[in-house]
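The values are calculated or read from the model by the stated rules, or taken from the named source; none is laboratory data. The structure displayed is predicted, hence computed values, not measured ones. Every residue, glycine as well, gets a Cβ built from its backbone with ideal geometry; the counts of neighbours run over all protein chains shown. Only protein heavy atoms, including side chains, enter the accessible area calculation; ligands, DNA and RNA are left aside. Shrake-Rupley method; radii C 1.70, N 1.55, O 1.52, S 1.80 Å.
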Amino acid sequence: MFDFWQSLLQALERLAMLPSLLHSVLPSLLYRKRRRDAVRTYERTMDDLLREIETLFESPLDAAKLLRMSARLQEQFAPKLQASDICMLPSYNYKLPSGLEHGTYMALDVGGSTFRVAVVELTGKNPGAKSMRIVTMKSYKIDNSVRCLKGTDFFDWMAEKVGTAIADPEVQKLSDNEKPFGMGLAWSFPVEQTSTRSGNLLAMGKGFRATEGTLGQDLSELIMAPCRRRNLPVRLDSIINDSSATLLSRAYEDPSTRFAVILGTGFNISVHLPLSALSPSKYKNYPTSFLASATHVLVNTELSMFGKNIFPTTRWDEHLNSTHLRPDFQPFEHLISGRYLGEIARLIIVEATRTAGLFSGKLPDKLSEPYTLDTTTLAALQLDTSKNLTSSTQLFSSLHPSCIPPSHSDVLFLRRLAELISKRAAAYLAAGIHSLWCLRIQAEGLTPQTAGTMAIGCNGSVIEKYPGFRDRCQRYLDELTGFSGANKGDGIRLEVAVESAVFGAAVSVACLEG
């Protein structure tokens with residue numbers, strides 16, 4: 001019995017010591033766990049991964065390789081110039097402005113998120129004065145309530161806003177009671193155009209319900225009917241897309257303009273070509289008066305659809321394409337537009353975190369979702385040239401919070417990644433522009449030596465505002481046109497087209513009056 005009580009007493013003493021034992025042992029265990037985490041091994045180092053990324057993104061960018069890409073794009077153009085109902089589409093606009101047109105016009109710009117109504121005054125080439133002036137412009141947000149307006153209700157809403165613009169005292173001073181305002185429409189949605197001023201409404205996408213009960217109807221009449229009910233002194237004379245508007249607005253001020261590039265969320269190029277560059281079948285429904293008068297035509301290239309198996313891609317590009325709702329539909333756009341540059345970076349960041357220890361191996365939760373890294377964030381990273389990268393670190397941490405804040409080396413990697421992605425995009429865009437430059441000078445019967453200087457109107461957040469993008473693209477273009485034989489100082493010049501949608505819509509009306 002004594003042995004029993006002695007054993008029980010010893011057991012109780014051991015229990016009494018347990019808290020202090022745990023207290024002394026647990027910190028040691030936790031320390032060892034943290035130490036294991038700190039020395040966690042990854043598949044590769046960050047330096048190794050960055051070297052691979054640099055090779056993949058920069059090796060295709062020497063001039064010889066870019067020229068081969070341009071040549072292969074030209075081969076892809078050939079069948080589409082003969083027969084395609086989705087790209088290389090001739091418009092009904094064939095006149096370029098002389099720069100002498102003058103008058104006051106109403107310009108409507110309908111986009112995915114904004115409707116703008118402007119009154120534009122064209123004054124021609126007056127020394128020391130601006131040739132284009134916005135007298136007044138009102139901008140209306142297209143929110144979900146507007147997108148949900150069904151059928152003609154959407155066009156009634158548009159007419160109401162046009163009426164508000166006309167009531168402006170500044171506009172009243174310019175109105176001619178005997179003559180309605182000529183009105184141009186920049187329509188950023190699909191339309192089956194049937195003349196310069198008419199076109200059949202097609203599905204708009206993006207949640208718009210305006211096509212319910214109106215699909216296939218004449219867009220011009222859908223807009224003009226509610227304007228007539230309100231007795232508005234307007235007449236819709238022209239419907240154009242955003243790339244044609246950019247070309248016309250820039251050509252009004254610079255007569256050497258023959259191209260327009262739209263590069264923001266999306267991507268497209270419009271080009272002024274001889275009628276003969278496209279197959280006669282492309283004009284099968286055009287009136288004989290058009291064919292008798294026109295020698296050239298504005299062509300909507302839909303260049304975003306080209307480039308499959310031409311531009312070198314990475315495993316991240318392939319993943320983006322394979323998981324896209326419409327794989328292979330716009331391969332060029334996937335590589336250069338603002339919609340996708342951030343997503344390419346996000347895919348690389350996910351891999352870098354998992355395999356090389358970026359962010360200490362802890363991915364910010366938000367970045368696990370597709371399309372959560374905006375291209376504007378890449379632009380901010382690239383713009384920050386400070387030694388400590390303080391502003392970009394704070395911005396990234398606020399947009400993508402994590403329990404482990406990014407280190408200085410993490411942000412240096414992100415900044416270098418932004419540089420590589422945007423550099424490749426600028427080079428690929430240059431190859432695409434060069435291919436159309438070659439197409440045009442051949443169609444005109446020119447050579448690189450005799451083609452002179454050609455201006456390109458540029459519009460869109462990436463080509464206008466992304467740090468260094470347009471300058472880098474210009475350097476690539478200078479190199480490519482020089483290798484092709486263009487005289488020094490000639491070739492292609494990129495020019496920003498300010499407020500191109502509203503100015504271009506007005507110029508398109510003025511061209512019809514000439």
- Item | Positive dipole terminus of the chain, leading residue within ALA129, ALA165, ASN388 (C-beta point charges) | ASN388
- q = 0.10, 0.13 Å⁻¹, region 183-330: log10 I(q)/I(0) [Debye, one scatterer per Cα]: -0.48, -0.79
- Please pull out the direction-averaged projected area of the chain, using the convex hull of its alpha-carbon atoms, in nm² to one decimal place. 35.1
- How big, on average over all directions, is the shadow cast by the Cα convex hull of region 320-385, in nm²? 5.1
- Note on the structure: ARG51 and LYS161 label points (each 7 Å along its Cα→Cβ direction) are spaced in nm at 5.5
- Distance between Cα centroids, region 93-126 to region 148-163: provide it in whole Å. 22
- Item | Low-density loop positions, trypsin sites (Lys or Arg not before Pro), region 455-511 - DSSP coil, at most 12 other Cβ in 10 Å | LYS488
- Task: Mind checking region 257-365 for trypsin sites (Lys or Arg not before Pro) that DSSP puts in a loop (not H, G, I, E or B) and that have at most 11 other Cβ atoms within 10 Å?
- Result: LYS284
- Item | Rounded to the nearest 20 debye, dipole of the chain from Cβ charges on Lys, Arg, Asp, Glu | 540
- Message: Keeping all protein chains in the complex and leaving out DNA, RNA and ligands, what accessible area do you get for CYS227 with a 1.4 Å probe, in Å² to the nearest 10?
- Response: 0
- Note on the structure: For the chain, the accessible surface attributable to carbon and sulfur atoms (probe 1.4 angstrom, ligands and nucleic acids excluded) amounts in percent to 54
- Query: When the distances between all Cα atoms of region 411-514 are binned every 10 Å from zero, what whole-number percent does each bin get?
  - Reply: 14, 36, 31, 16, 3, 0
- Item | Extension reserve of the SER175-SER281 stretch, reckoned as 0.36 nm per residue once the Cα distance is removed | 33.9 nm
- Once amide hydrogens are built 1.01 Å from N within the peptide plane, the residues lying 5 or more places from THR136 or on another chain with amide H under 5 Å from its amide H are VAL119
- Message: Can you give me the accessible area per residue for the chain, using a 1.4 Å probe, in Å²?
- Response: 47
- Taking chymotrypsin sites (Phe, Trp or Tyr not before Pro) as exposed when in a DSSP loop with at most 16 other Cβ atoms inside 10 Å, the chain has its longest clean stretch at 43-328
- Task: Place a +1 charge on the Cβ of each Lys and Arg in region 368-514 and a -1 charge on the Cβ of each Asp and Glu, then give the dipole magnitude about the Cα centre in debye, rounded to the nearest 20.
- Result: 420
- Item | Selection from PHE57, LEU96, GLY504, by position along the positive dipole direction of the chain (Cβ) | PHE57
- Query: How about LYS284: which lysines have a C-alpha closer than 16 Å to its C-alpha, ignoring those fewer than 8 places off in the same chain?
  - Reply: LYS80
- Hey, what did the chain get for relative contact order, percent, Cα under 8 Å, at least 6 apart? 20
- Item | Computed label-point distance, nm, for sites LYS138 and ALA71 using a 7 Å Cα→Cβ extension | 5.7
